[in-house]
1. Tally up the residues in region 214-230 that are of a type in the set (D, E, K, R) and part of a strand (DSSP E or B), please.
2. Condition check: open to solvent by 100 Å² or more (accessible area, probe 1.4 Å), without any contact (Cβ under 8 Å) to a residue 60 or more places away in the chain, charged (D, E, K, R) and in a helix (DSSP H, G or I). Does ARG104 satisfy that?
3. Residue check, PHE132 against (1) touching a residue at least 60 places away in the same chain (Cβ under 8 Å); (2) within 23 Å of GLN209 (Cα to Cα), all met but one. Which one?
4. Pull up region 217-255, narrow it to residues that are exposed (fewer than 10 other Cβ atoms within 10 Å of the Cβ) and at pLDDT 95 or above, then point me to the one that is nearest to the chain's Cα centre (by Cα).
5. Counting just the residues of region 134-192 that are open to solvent by 60 Å² or more (accessible area, probe 1.4 Å) and assigned to a strand (DSSP E or B), which one comes out farthest from LYS220 (Cα to Cα)?
6. Hey, can you tell me all the residues within region 119-133 that are buried (at least 19 other Cβ atoms within 10 Å of the Cβ) and assigned to a helix (DSSP H, G or I)?
7. Out of GLU114, GLU162, GLU90, which single residue is among the acidic types (Asp, Glu) and closer than 25 Å to LEU211 by Cα?
8. How many residues does region 34-78 contain that are modelled with pLDDT under 90 and outside any helix (DSSP H, G or I)?
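The values are calculated or read from the model by the stated rules, or taken from the named source; none is laboratory data. Computed from a predicted structure; not experimentally measured. Positions of Cβ are backbone-derived with ideal geometry, glycine not excepted, and every protein chain shown enters the neighbour counts. Surface areas here come from the heavy atoms of the whole protein model, side chains and all, with no ligands, DNA or RNA. Shrake-Rupley method; radii C 1.70, N 1.55, O 1.52, S 1.80 Å.
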Amino acid sequence: MRWLCGAACLACVLAGCGRVGGNGDASMPLVRVDESLITQVELDRALQRSGKPEGAAKQVLENMVDQHLLASQAQREHLDQDPMVKDALEAARRQVLAQALLERRGPVQPTEAEIAAYYDRQTVLFSARRVFGFQSISIAEPKPGLESRLKQDLQSGLGLSELVSGLERVGYKLRTAEGTAGPEQFPAYLYEDLKQVEPGQIVVAGNDQTLTVLNILSAKPRPLSLSEAKPIITRYLVELGREESAKQLVKSLRQSIRVDYLTREQALAMGSVITLPPQ
């Protein structure tokens, strides 16, 4: 769920994470802009959201003043009554409330056994990790059958440059790259192939959105121990748990709160509550 992005930042704000700068009481006003006040606690929270150090407090405060000035002028010009602006404000309000609800419930920390089990399952990322020198071609929106056809072309001796020319000729959007990377920097659909691939081999794999042709130039062992991998796995499992918790909560709410998808006739019966699309 994309609207979960930024939830960790919001958690810091809601928790009032520590003092960052300024002086006096947290509720002390620092600046008056027209009829509104900027308080110390607002500055602290703005610093937390920005991720900037304490020394940046003055610049952050000046940015807040600028924002207040612009917002005040927008209100004087009645932009807060513009339908598109009102929709955007309401959408932002819903997003903040949804994130606050999920953060209030808190992430579930994985157990040591869960971390170890994930480490054992994902050998390509950890115990058998290698760093690859590579050349790659990423093909956007591949048509059905393209993966098998490319594999046949490569087996028959077609080179990568010829492959690129042929794909571009038929209108595919391509992105090429080369360099050195660990498996975690490649799409997950390549992991299975990366377990066994050796230098000189070419991997072709993908999904409905993207197809990747990966030419392996080198492969050097760079394993991670369980202790080295633990922080990485913990962050991943926490985020996975947060996503799953959100899905389960939404599923529960959909079962307990009425949601009606209206037909055109029902919408017409509601009058001007809904703006109808043109016929």
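1. To start, the set of residues in region 214-230 that are of a type in the set (D, E, K, R) comprises 220, 222, 228, 230.
Going one step further and asking which of them are part of a strand (DSSP E or B), we end up with 220.
Summing the residues that are of a type in the set (D, E, K, R) and part of a strand (DSSP E or B) in region 214-230 gives 1.
2. On the way: open to solvent by 100 Å² or more (accessible area, probe 1.4 Å): yes; without any contact (Cβ under 8 Å) to a residue 60 or more places away in the chain: no; charged (D, E, K, R): yes; in a helix (DSSP H, G or I): yes.
Against the criterion (open to solvent by 100 Å² or more (accessible area, probe 1.4 Å), without any contact (Cβ under 8 Å) to a residue 60 or more places away in the chain, charged (D, E, K, R) and in a helix (DSSP H, G or I)), ARG104 does not qualify.
3. (2)
4. SER227
5. ARG175
6. Answer for region 119-133, where residues must be buried (at least 19 other Cβ atoms within 10 Å of the Cβ) and assigned to a helix (DSSP H, G or I): just TYR119.
7. On the way: GLU114 fails: closer than 25 Å to LEU211 by Cα; GLU90 fails: closer than 25 Å to LEU211 by Cα.
Going through GLU114, GLU162, GLU90 in turn, the sole match is GLU162.
8. So the answer is 6.
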